[in-house]
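**Student:** Please find one structure pasted underneath; my questions will follow.
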Amino acid sequence: MAEPILEVKDLVKHYPLTQGIVLKKQVGAVRAVDGVSFSLTKGETLGIVGESGCGKSTLAKVLMNLEKATSGQVLFKGEDITRLSGAGLKAVRRNIQMVFQDPYTSLNPRMTVGDIIGEPFEIHPEVAPKGDRRRAVQDLLDVVGLNPEYINRYPHQFSGGQRQRIGIARGLALKPELIICDEPVSALDVSVQAQVINLLEQLQNEFRLSYMFIAHDLSIVRHISDRVGVMYLGKMVEIGTEEQIYSHPTHPYTQALLSAVPVPDPTGREHRERILLSGDIPSPANPPSGCRFRTRCWKAEERCSTEVPLLAVPSTLRGPAAHESACHFAEVRDVIGSG
Amino acid sequence: MSEPTKSENTGAAIPGQSGSGPAAGGPAAATAKGSGAPDAGGERVASLWTDAWTDLRRSPLFLIGGFLVLFMVVLAIAPQLFTDGDPRAGGFCNLADSLKRPSGSHWFGFDVQGCDIYTRTIWGARNSIIVGMVTTTLVVLVGGSLGLWAGWIGGIGDSVLSRVTEIFFAIPLLLGGMLIMSTWGEGNAWTVSAVMAVLGWPQIYRLMRSAVLANKHNDYVVAARALGAGTGRIVGRHILPNAVAPVIVVSTINLGVYIGAEAALSYLGIGIQSPAISWGLMISDAQARFLNAPHVLLFPAAVLSVTVLAFIMLGDAVRDALDPKLR
Amino acid sequence: MTDMTKPARDGAGPGPDAVQVIGGGRESLVPGTPLLEVDDLHIKFHTRDGVAKAVNGVSYSVAAGETLAVLGESGSGKSVTAQAIMGILDMPPGKITKGSIRFRGEDLLTMSPKARRAVRGRKIAMIFQDALSSLNPVLSVGYQLGEMFRVHQGAGRKEAKEKAVELMERVRIPAARQRVGDYPHQFSGGMRQRIMIAMALALEPDLIIADEPTTALDVTVQAQVMDLLAELQAEFNMGLILITHDLGVVADVADKIAVMYAGRIVETAPVHELYARPAHPYTKGLLNSIPRLDQKGQNLYAIQGLPPSLLRIPSGCAFNPRCDRVQDVCHTELPRLVPVLDAEGADLPGRRSACHFWKETLHG
């Protein structure tokens, strides 16, 4: 394996819950991200899946240093970026960029496309000399498949898919090595989603980008990812290659998640095995003891409530299917029939 | 988080969504990289402000409002350009002319003291315009910057400041103005402006603060932070342009209100004092004899209304020009 | 163009997937008579930028116990059609310029407002995408559920509450009796959607229109809610119009499908056949453009370009700027929704396509 470009070690982000208006007293914490570790190598795509409230978006914000980590480390090329500020942080920002979910709120409505894509150059003037910026912006528009003549238009003159391309062009401007995509296609029409995904893949090959691809659509994540991590209530419950997670899932939550995905093929729908979870996700302010999934798990036993399962390769797993899973009773179960 | 709602939710949203301008529209845009309409001007680099200016120059609302405001400002600076008379000079008024109707040589007629109303109206512009402009400038500077600061910083500073403005809100502009002016005594355009600014800033503060709060969590602000933008850039490029529109509208409307309030204070005898000239004073003097000499009231009141209207038109035009979605 | 989507059983007997209508116990219903028939519906919106042709001659029908999925992207007219059926279309700016919507044979569009109100909610109910904004935040869910009975059936306070609890239990909200006094924000997204379903079911309607009912929900919750909806539909033998953009959800629950594009139906088919052999390039493109869960797959097929603006729908076939198969005729001639025949020339029941080259698309 190549040297990791990003290494996350035991990352924690708690939002304190306070009471009182003047004298604030901490009465608890929302444990949005609670001890997450993983790594990412150059040119690789790591997909992060999970349902709302699992902490995947908070993870993105902490990695981007938009929120300060409560504890833990985020090593970008060996340097811990959670402790950075000022010039050091600004320098790192050149290398890590983000593509947002909602193309309607992520572009300033009062700036032209030229201003939006050119802003990175104004913030980091060393990247493109002043005289070249207009050309650089037009090149970027061309790269993401938009007409360079659109430079003087405003975001509202574009469709959702085109806006997302503008957002991607802005993310590319500083030639970053890592791009964090937070649900980049979920707001787009089906026929346009494929265009944007193809664009992201093409850009990855062209610029040797690493992606962290956060999404709730498991099919899209499988398509674009080399490795996939599954999150539940602030914890990484299973992580492995795309093949390992989709064809050999061992964590009950991953299995439930995969089996719940509606498959766009009606053949044999009456016989499809579907694990229906009962109940809702518990509050991250008050997560269950032991294994956080135990309240909805059909395998839960006494041990699950007392002992936190660690993310490790289960001893029962060998060969190419061996990957990390945080379950006391990890066991491969193919739920999507992919063999 | 949950997926954002697809745009096909309400009937009305559909045409708006899919008809979103030329890029999404015509056959040129059918391929993502269609030829597109050529941009006017070719190498012109557009920005919010240059585009707003291009728009404004074509807006009749702006042209009319701007012309009227400009005219009033010229009146205020150099009334001599429009009239030979000087109402401050001795012998300007002649009691023999008292309440004479408008005529060819005296277009607006005479007031009760026998002073030429045309000349007085022209000269009266200065005080009204000073009060309107100075008050508005002070209010926008103080209220706007405090609102921006409080909205951006939040926390205790915001809480304290917001409670303070609530106290001010309990005092009506006119009542407070009367209170302060009657204790202060010295009534001229500057003191009246200062008093009204003291009472008026909380409104703009509130407006600015809520606009900043509404904008500061938008993804484009997060995106700017992710690019490494500093506070100055985020506030200047991203928050202010999006927050300033309501402030502009309310300020221009208020400018008219201040001119009117000055008139009211002067009318009550505690604003600008004679022998200074202001439209408010003129209206106040004329009011008692409205029935037998309506022209004495009519002319200053009409000029006052036109001025207020001109500022409102200007504000409307500027707001529209600063909103690219209306293009 | 008028009878483009008569149900499969109309001509050649029941199709393989059409759920048989067997009276249902309530109002007598002749088997095969559609519950709802939309016929040649045209809807326009007058906007500042011009007239948007949102719906341009849509016809479909649903029988009791049957699930029709209306598939389309934003701007395809699928929701506008549903709003017209419900009578909640904003008019103006919307305007129904042509067509009819017959419910049990009676045209809803020519009905008196009073008669229309009686149908709405009681006979036809709707479930929206965003349950939180569809529920009143200041009233308890029990009150809002009970309101249906107080208004429509004149039930008393106590009785209404009992019925509310009953409904909540029916949509399997745990501890319904304890939670009946809770407010909407105290429920999770999935539970709120269940409450919406309960509300739609309250008066035991004959037809439910579900507009993207699970789009805002997480996958595991989505599955629960869809299962519940399907189960209740079978139990009450209701017709269901499922409006969605999600090809996965459609494959799971639909009996037949109408695919919409730029305000027209471009293809109709029983669910299995649509997925196996689409007869319109748009449907085919959509199916090819979604990644698969069960295999990694190579590059995705992407339909080029964007859905058209409803202000400027391309002449001829609206899909022509994006179509792989485009020919000259596609620019000049509007393709009619014609029956799709198999290789031997026999009618494929329930199948229609609005493509000049449906034969090539189907067999190629």
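The values are calculated or read from the model by the stated rules, or taken from the named source; none is laboratory data. This one's a predicted model, so the numbers in the text were calculated from it and none came from an experiment. With ideal geometry, Cβ positions are generated from the backbone for all residues, glycine too; neighbour counts draw on all protein chains shown.
**Student:** Only one of A:Tyr246, A:Tyr253 is in contact with a Phe, Trp or Tyr (Cβ under 7 Å, 6 or more places away or on another chain), crowded, with 20+ Cβ neighbours inside 10 Å and assigned to a helix (DSSP H, G or I). Can you tell me which?
**Tutor:** Only one candidate passes the filter, namely A:Tyr253.
**Student:** Name the residues in the stretch A:127-147 that are among the small types (Gly, Ala, Ser), modelled with pLDDT of 85 or more and surrounded by 19 or more Cβ atoms within 10 Å (Cβ to Cβ), would you?
**Tutor:** If the condition is that a residue be among the small types (Gly, Ala, Ser), modelled with pLDDT of 85 or more and surrounded by 19 or more Cβ atoms within 10 Å (Cβ to Cβ), then A:Gly145 is the only one that fits.
**Student:** With at pLDDT below 90 and surrounded by fewer than 21 Cβ atoms within 10 Å (Cβ to Cβ) as the only criterion, which of A:Lys25, A:Lys42 stands out?
**Tutor:** A:Lys25 is the lone residue from the list that is at pLDDT below 90 and surrounded by fewer than 21 Cβ atoms within 10 Å (Cβ to Cβ).
**Student:** Do we have B:Val160 as farther than 25 Å from B:Thr191 by Cα and surrounded by fewer than 13 Cβ atoms within 10 Å (Cβ to Cβ) here?
**Tutor:** yes
**Student:** Taking the stated definitions as given, is B:Ala223 within 9 Å of chain A (Cβ to nearest Cβ), out of contact with any Leu (no Cβ under 9 Å at 6 or more places or on another chain) and either of a type outside the set (Phe, Trp, Tyr) or in contact (Cβ under 8 Å) with a residue 40 or more places away in the chain (or both)?
**Tutor:** Answer is no for this residue.
**Student:** Tell me, which helices (runs of 4 or more DSSP H) lie completely within the stretch C:93-174 with 2 or more residues that are exposed (fewer than 14 other Cβ atoms within 10 Å of the Cβ) and in the same structural domain as C:Ser74 (by TED's automatic domain parsing)?
**Tutor:** Ranges flagged: C:113-119.
**Student:** Let me ask you something else. Can you tell me which residues in the stretch B:60-100 are of a type in the set (Gly, Ala, Ser) and either surrounded by 15 or more Cβ atoms within 10 Å (Cβ to Cβ) or over 23 Å from the mean Cα position of the chain (by Cα) (or both)?
**Tutor:** B:Gly65, B:Gly66, B:Ala76, B:Gly85, B:Ala89, B:Gly90, B:Gly91, B:Ala96, B:Ser98
**Student:** Quick test of your reading of the structure: C:Gln304 fulfils all but one of (1) closer than 24 Å to A:Arg163 by Cβ; (2) surrounded by 23 or more Cβ atoms within 10 Å (Cβ to Cβ). Name the failing condition by number.
**Tutor:** Of the numbered conditions (1) closer than 24 Å to A:Arg163 by Cβ; (2) surrounded by 23 or more Cβ atoms within 10 Å (Cβ to Cβ), the odd one out for C:Gln304 is (2).
**Student:** Here are the criteria: (1) of a type outside the set (Asp, Glu); (2) away from chain A (no Cβ under 14 Å); (3) part of a helix (DSSP H, G or I). Tell me which single one B:Ala214 does not satisfy.
**Tutor:** Result: B:Ala214 passes all but (2).
**Student:** Moving on. Would you tally the residues in the stretch A:105-138 being assigned to a loop (DSSP other than H, G, I, E, B) and touching a Ser or Thr at 6+ places or on another chain (Cβ under 9 Å)?
**Tutor:** Adding up the residues that qualify gives 2.
**Student:** Then there's this: Out of the stretch C:165-193, which residues are basic (Lys, Arg) and more than 22 Å from A:Tyr232 (Cβ to Cβ)?
**Tutor:** C:Arg170, C:Arg172, C:Arg177, C:Arg179, listed by residue number.
**Student:** Same structure again: Look through the stretch B:280-298, keep the residues that are of a type in the set (Gly, Ala, Ser) and in a loop (DSSP other than H, G, I, E, B), and return whichever of them is farthest from B:Phe108 (Cα to Cα).
**Tutor:** B:Ala288
**Student:** Still on this model: Might you check whether a residue that is among the charged types (D, E, K, R), under 25 Å from the mean Cα position of the chain (by Cα), facing another protein chain (nearest Cβ under 10 Å) and surrounded by fewer than 19 Cβ atoms within 10 Å (Cβ to Cβ) occurs anywhere in the stretch C:320-337?
**Tutor:** No, because not a single residue in the stretch C:320-337 is among the charged types (D, E, K, R), under 25 Å from the mean Cα position of the chain (by Cα), facing another protein chain (nearest Cβ under 10 Å) and surrounded by fewer than 19 Cβ atoms within 10 Å (Cβ to Cβ).
**Student:** For C:Ala346, only one of the following conditions fails: (1) more than 24 Å from A:Pro264 (Cβ to Cβ); (2) crowded, with 16+ Cβ neighbours inside 10 Å. What is its number?
**Tutor:** Result: C:Ala346 passes all but (2).
**Student:** Closer than 25 Å to B:Met72 by Cβ and in contact (Cβ under 8 Å) with a residue 24 or more places away in the chain: which single residue out of B:Ile253, B:Ile283, B:Ile239 fits that description?
**Tutor:** Just a single option satisfies the conditions, and that option is B:Ile253.
**Student:** Next question, about the same structure. Being more than 11 Å from chain C (Cβ to nearest Cβ) and crowded, with 23+ Cβ neighbours inside 10 Å, is that true of even one residue in the stretch A:189-197?
**Tutor:** no
**Student:** Restricting attention to the stretch A:170-187, which residues are more than 7 Å from chain B (Cβ to nearest Cβ), surrounded by fewer than 24 Cβ atoms within 10 Å (Cβ to Cβ) and outside any strand (DSSP E or B)?
**Tutor:** Within the stretch A:170-187, A:Leu172, A:Leu174, A:Lys175, A:Pro176, A:Glu177, A:Glu183 qualify.
**Student:** Could you check the stretch C:252-270 and list, in sequence order, the residues that are outside any strand (DSSP E or B) and under 25 Å from C:Ala54 (Cα atoms)?
**Tutor:** Those that are outside any strand (DSSP E or B) and under 25 Å from C:Ala54 (Cα atoms): C:Ala254, C:Ala262, C:Gly263.
**Student:** Something else: Conditions first: (1) surrounded by fewer than 22 Cβ atoms within 10 Å (Cβ to Cβ); (2) within 14 Å of chain C (Cβ to nearest Cβ); (3) among the small types (Gly, Ala, Ser). A:Ser71 passes all but one, so which condition is the exception?
**Tutor:** Single failed check for A:Ser71: (2).
**Student:** Here's another thing I want to ask about it. Going by the conditions given, is A:Thr105 among the polar types (S, T, N, Q) and either more than 11 Å from chain B (Cβ to nearest Cβ) or more than 30 Å from A:Ile281 (Cβ to Cβ) (or both)?
**Tutor:** no
**Student:** Hey, can you tell me all the residues within the stretch B:216-237 that are surrounded by 19 or more Cβ atoms within 10 Å (Cβ to Cβ) and within 23 Å of the chain's Cα centre (by Cα)?
**Tutor:** B:Val235, B:Arg237
**Student:** Would you tally the residues in the stretch C:221-247 being free of Cβ contacts under 8 Å to residues at least 12 places away in the same chain and surrounded by fewer than 23 Cβ atoms within 10 Å (Cβ to Cβ)?
**Tutor:** 3
**Student:** Take the conditions of a type in the set (A, V, I, L, M) and away from chain C (no Cβ under 12 Å) and apply them to A:Leu209. Does it pass?
**Tutor:** Spelling it out, A:Leu209 is indeed of a type in the set (A, V, I, L, M) and away from chain C (no Cβ under 12 Å).
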